[in-house]
Every structure is written in structure tokens, then in C-alpha cells.
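**Student:** Let me give you the structure first, and then I'll get to my questions.
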Amino acid sequence: MKKFTAVLLAALMCLSVLTACTSKDGEEVQRYAWPLGTSSPEDTVTQIYAEKFAEEVSRLSDGTMKIQVYPNSTIGGDRELIECAQEGSVPFLVQNTAPQVSFIPELCIFDLPCAFDSIEAVREAVDNPEFLEKIEPLYENAGLKLLGISDQGFRVMTTNKKIESLDDFKGQKIRTMENSYHLAFWKAIGASPTPMTFSEVYIGLQQGTIDAQENPYEVVVSSKFYEQQDYVIETNHLPHLITLIVSDDFYNSLEPEKQAIIDQAAQTALEYSRNASDERIEGRINTIVENGTEIVTLSDEVREEMIAASQDIYDTITEAAGSELVDLYLGK
């Protein structure tokens with residue numbers, strides 16, 4: 001019922017704002033407005049990405065194309081938003097790649113643990129034209145069109161135990177997303193992964209139901225997890241990639257001029273959001289440190305041990321996504 005209500009609400013919202021006629025210099029101008037959904041809080045790069053895209057669409061179309069951003073799962077959670085985009089009732093969404101694996105299995109490549117040493121290397125990988133030529137049709141086969149891949153830096157771990165070796169991970173009850181590859185990674189390095197609804201994480205940390213959680217710095221600060229945790233461990237186990245997506249049927253129904261506006265706006269928003277992410281991470285780290293939480297950077301040796309412990313996951317993902325796509329992503 002909850003899912004049906006979200007879909008119905010989104011569909012009605014879309015229908016209520018789709019078109020309106022107005023007069024400009026004596027000429028009738030057709031105006032359009034469409035919803036864009038996210039499941040992220042407003043004070044995040046996800047929101048910045050979405051709002052910049054909407055702003056650019058309006059600017060490039062002289063105000064004839066409008067996009068309204070709905071954050072915080074207002075019109076549906078991750079799964080509902082993907083389904084709404086597939087059917088076109090919510091044509092746009094900005095979303096982390098993790099929930100998309102259920103719809104596009106090959107996207108598990110983004111769950112390869114500890115694959116990159118820098119966010120610049122990640123961006124080079126996802127911007128590679130050869131890689132995009134392989135990944136874009138996978139979205140289209142799912143009824144979606146990929147407009148860009150931005151990020152919020154790497155995901156890190158917060159905990160009340162100082163972790164400096166692989167053995168230190170053992171027994172840590174860490175909240176993760178409900179993603180089989182994420183669960184497998186934490187088990188491989190000795191932790192005890194526990195899927196939990198995001199809205200319950202802060203209370204879980206406060207009450208001791210869980211020992212730790214993992215998210216990018218953006219979320220650690222926006223959700224104030226640092227208030228309940230003594231340490232941030234820079235595991236940097238995964239880049240937190242965020243995608244801008246449009247319904248493929250919806251996009252193909254637009255005139256070429258409108259498609260060009262959407263494409264240009266998406267590229268501008270991509271660059272803007274990446275710059276914002278880089279600038280904000282330093283500020284987020286300062287906020288955490290000022291509140292008494294210690295940042296721990298793992299040694300290269302520990303990172304190598306984490307990679308070695310994850311080899312079964314690499315094999316599983318290679319089997320699911322194909323070696324060609326994995327090699328392109330890893331730059332081999």
C-alpha cells in the first residue's frame with residue numbers, strides 16, 4: 001500500500017504540473033514542469049546536484065522548462081523512485097548506484113571494494129567514453145537514461161573503536177545498505193554487517209544496537225553520526241557515486257531541442273556537484289574534528305589486506321558484470 005500510494009502521488013503530481021499556457025510578448029508559450037526525486041537529505045551534494053540541474057534546465061530554456069526537486073524520499077524511497085522513472089511518472093531522479101543493482105545487475109561493478117586510491121581516479125574511470133558506451137545501454141535496457149555520474153567522495157566508517165589493523169574490524173556490528181556485495185565485503189574483513197533502515201541509524205548508534213555505520217563524510221555530518229561515534233575510519237572502501245537519471249521513454253518523447261537542454265544542463269550540474277563535493281569534504285572533516293571525533297587513516301598495508309580479503313567478491317562481481325566491463329572500470 002505504501003508503494004502504491006507513493007507511485008499514485010507521484011503520478012498525480014506529474015499530471016498536475018505537466019503543462020500550462022501563458023502569454024509572452026503577445027505569443028502563447030508552452031511551459032513544462034516535471035518532478036525530480038531523491039531519497040537524500042537536503043544538505044548534501046545529492047541535493048546540490050539536483051538543484052543545479054533544475055536551475056540550468058530553467059536557464060537554458062528561458063523558463064519554459066521547470067524541474068521541481070523533491071528530497072528526503074518525499075515522493076518515494078529508492079526503489080519506488082526507480083520504478084516511477086521507468087514508467088515516467090517521476091521522470092528524473094538523483095540517486096546512489098547501490099539500489100540500482102537490483103534493476104541492473106551489472107552495476108555491481110561499482111561495489112568492487114577498495115578499488116581506487118583517489119576520487120580523481122574514480123572520476124577518470126566513470127568518464128571514460130569506452131566505459132560509458134558499455135554502461136549507458138544497460139540503463140536503457142532497464143527503461144532509464146543515464147545523464148551523469150557524480151560523487152560524494154568515498155564512503156568511510158564511523159565507530160567507537162579505534163581501528164588500525166584488519167583484526168580490529170572483527171565483531172564490529174556495522175549498519176550497511178541491503179546490498180549483497182556490501183554485506184559480503186564487511187563479512188570478509190571480519191565485521192558483522194547489519195542492514196538497517198537509514199532513519200533508524202542514529203538511534204541504533206545511540207542505543208548500542210549497532211557499533212558502527214558507513215557513509216560518505218557528507219552523510220556523517222548531515223545526520224550528525226559523529227555525535228555518537230569516537231572515530232571516523234577512512235576505509236574509503238567504495239566511492240559514493242550518485243547518478244542523474246531520466247526516464248528513457250520520457251526523454252525520447254521530447255523534441256531534440258529539449259533533449260539538448262537536458263543534456264547540457266546535466267553536464268554543467270555534474271561538474272558543479274563534483275566541485276562542491278571536493279570543497280565540502282574538507283569542511284565536513286573540520287566539523288567532525290571540532291566536535292572531538294578522531295579521524296583515522298589506514299595504512300597502505302591494511303588496505304592491501306582488505307583487498308586480499310575481498311578477492312571472492314571481485315570474482316563474484318566479475319562473473320555477474322563480465323570481465324570486459326570490470327576491466328574498463330578498473331582501467332586495465
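**Student:** Could you please find all residues in the stretch 248-262 being loosely packed, with under 13 Cβ neighbours inside 10 Å and either in a helix (DSSP H, G or I) or touching a His at 6+ places or on another chain (Cβ under 9 Å) (or both)?
**Tutor:** Across the stretch 248-262, the qualifying residues are Asn252, Ser253, Pro256, Glu257, Ala260.
**Student:** Only one of (1) more than 30 Å from Glu83 (Cβ to Cβ); (2) part of a loop (DSSP other than H, G, I, E, B); (3) touching a residue at least 24 places away in the same chain (Cβ under 8 Å) is not met by Ile295, so which one is it?
**Tutor:** Just one mismatch for Ile295, condition (2).
**Student:** Separate question: So is Ser73 surrounded by fewer than 17 Cβ atoms within 10 Å (Cβ to Cβ) and over 24 Å from Ala260 (Cβ atoms) or not?
**Tutor:** no
**Student:** Separate question: Kindly indicate whether any position in the stretch 78-100 is touching a Pro at 6+ places or on another chain (Cβ under 6 Å), within 26 Å of Tyr314 (Cβ to Cβ) and open to solvent by 40 Å² or more (accessible area, probe 1.4 Å).
**Tutor:** yes
**Student:** Sort out which residues of the stretch 277-332 are aromatic (Phe, Trp, Tyr) and in contact with a helix residue (DSSP H, G or I) (Cβ under 6 Å, 6 or more places away or on another chain), and write them in order of number. Before the answer, list the steps.
**Tutor:** Initial filter on the stretch 277-332 (aromatic (Phe, Trp, Tyr)): 314, 329.
Residue satisfying the conditions is Tyr329 alone.
**Student:** Quick one: Ser40 ticks every box in (1) of a type in the set (S, T, N, Q); (2) at pLDDT 90 or above; (3) buried (at least 18 other Cβ atoms within 10 Å of the Cβ) except a single one, so which number is it?
**Tutor:** Ser40 satisfies every listed condition except (2).
**Student:** Something else about it: Going by the conditions given, is Ser180 among the small types (Gly, Ala, Ser) and open to solvent by 20 Å² or more (accessible area, probe 1.4 Å)?
**Tutor:** For Ser180, the condition - among the small types (Gly, Ala, Ser) and open to solvent by 20 Å² or more (accessible area, probe 1.4 Å) - is met.
**Student:** I would also like to ask the following. If you go through the stretch 194-210 one residue at a time, how many are open to solvent by 30 Å² or more (accessible area, probe 1.4 Å) and out of contact with any helix residue (DSSP H, G or I) (no Cβ under 8 Å at 6 or more places or on another chain)? So that I can check it myself, show each step before the final result.
**Tutor:** Here is the first cut: in the stretch 194-210, the ones open to solvent by 30 Å² or more (accessible area, probe 1.4 Å) are 194-200, 202-203, 206-209.
Now drop any that are not out of contact with any helix residue (DSSP H, G or I) (no Cβ under 8 Å at 6 or more places or on another chain), which leaves 194, 197-200, 203, 207-208.
Residues in the stretch 194-210 being open to solvent by 30 Å² or more (accessible area, probe 1.4 Å) and out of contact with any helix residue (DSSP H, G or I) (no Cβ under 8 Å at 6 or more places or on another chain): 8 in total.
**Student:** Would you mind finding the one in Gln213, Gln206 that is assigned to a helix (DSSP H, G or I) and at pLDDT 95 or above?
**Tutor:** Working: Gln213 fails: assigned to a helix (DSSP H, G or I).
Only one candidate qualifies: Gln206.
**Student:** All but one of (1) of a type outside the set (A, V, I, L, M); (2) open to solvent by 30 Å² or more (accessible area, probe 1.4 Å); (3) free of Cβ contacts under 8 Å to residues at least 40 places away in the same chain hold for Phe169; which doesn't?
**Tutor:** Of everything listed in (1) of a type outside the set (A, V, I, L, M); (2) open to solvent by 30 Å² or more (accessible area, probe 1.4 Å); (3) free of Cβ contacts under 8 Å to residues at least 40 places away in the same chain, Phe169 misses just condition (2).
**Student:** Looking at Glu124, Glu120, Glu178, which is the one that is out of contact with any helix residue (DSSP H, G or I) (no Cβ under 7 Å at 6 or more places or on another chain), free of Cβ contacts under 8 Å to residues at least 40 places away in the same chain and under 22 Å from Val45 (Cβ atoms)?
**Tutor:** Sole residue among the options that is out of contact with any helix residue (DSSP H, G or I) (no Cβ under 7 Å at 6 or more places or on another chain), free of Cβ contacts under 8 Å to residues at least 40 places away in the same chain and under 22 Å from Val45 (Cβ atoms): Glu120.
**Student:** Considering (1) open to solvent by 50 Å² or more (accessible area, probe 1.4 Å); (2) hydroxyl-bearing (Ser, Thr, Tyr); (3) closer than 30 Å to Leu81 by Cβ, say which one Ser323 fails and leave the rest.
**Tutor:** It is condition (3) that Ser323 fails.
**Student:** Test of understanding: among Leu254, Leu270, Leu244, which residue is out of contact with any Lys or Arg (no Cβ under 7 Å at 6 or more places or on another chain), of a type outside the set (Ser, Thr, Tyr), without any contact (Cβ under 8 Å) to a residue 24 or more places away in the chain and more than 30 Å from Asn160 (Cα to Cα)? Write out each step before concluding.
**Tutor:** Details: Leu270 fails: without any contact (Cβ under 8 Å) to a residue 24 or more places away in the chain; Leu244 fails: without any contact (Cβ under 8 Å) to a residue 24 or more places away in the chain.
Going through Leu254, Leu270, Leu244 in turn, just one is out of contact with any Lys or Arg (no Cβ under 7 Å at 6 or more places or on another chain), of a type outside the set (Ser, Thr, Tyr), without any contact (Cβ under 8 Å) to a residue 24 or more places away in the chain and more than 30 Å from Asn160 (Cα to Cα): Leu254.
**Student:** May I pose another question? For the stretch 298-321: of the residues being polar (S, T, N, Q) and assigned to a helix (DSSP H, G or I), which is farthest from Lys161 (Cα to Cα)?
**Tutor:** First pass over the stretch 298-321, keeping only residues polar (S, T, N, Q): 299, 310-311, 316, 318.
So of that shortlist, the ones also assigned to a helix (DSSP H, G or I) come out as 311, 316, 318.
On the way: Gln311: 26, Thr316: 30, Thr318: 33 Å.
Within the stretch 298-321, the match that is farthest from Lys161 (Cα to Cα) is Thr318.
**Student:** When the residues of the stretch 43-70 are narrowed to those that are aliphatic (A, V, I, L, M) and open to solvent by 10 Å² or more (accessible area, probe 1.4 Å), which ends up farthest from Leu146 (Cα to Cα)?
**Tutor:** Step by step, filter the stretch 43-70, then rank; the result is Leu60.
The values are calculated or read from the model by the stated rules, or taken from the named source; none is laboratory data. For clarity, every value in this text was computed on a predicted model and none was experimentally measured. Heads up, the Cβs are rebuilt from the backbone with ideal geometry, glycines too, and the neighbour counts pull from every protein chain shown. Side chains included, ligands, DNA and RNA excluded: accessible areas come from the protein's heavy atoms. Shrake-Rupley method; radii C 1.70, N 1.55, O 1.52, S 1.80 Å.
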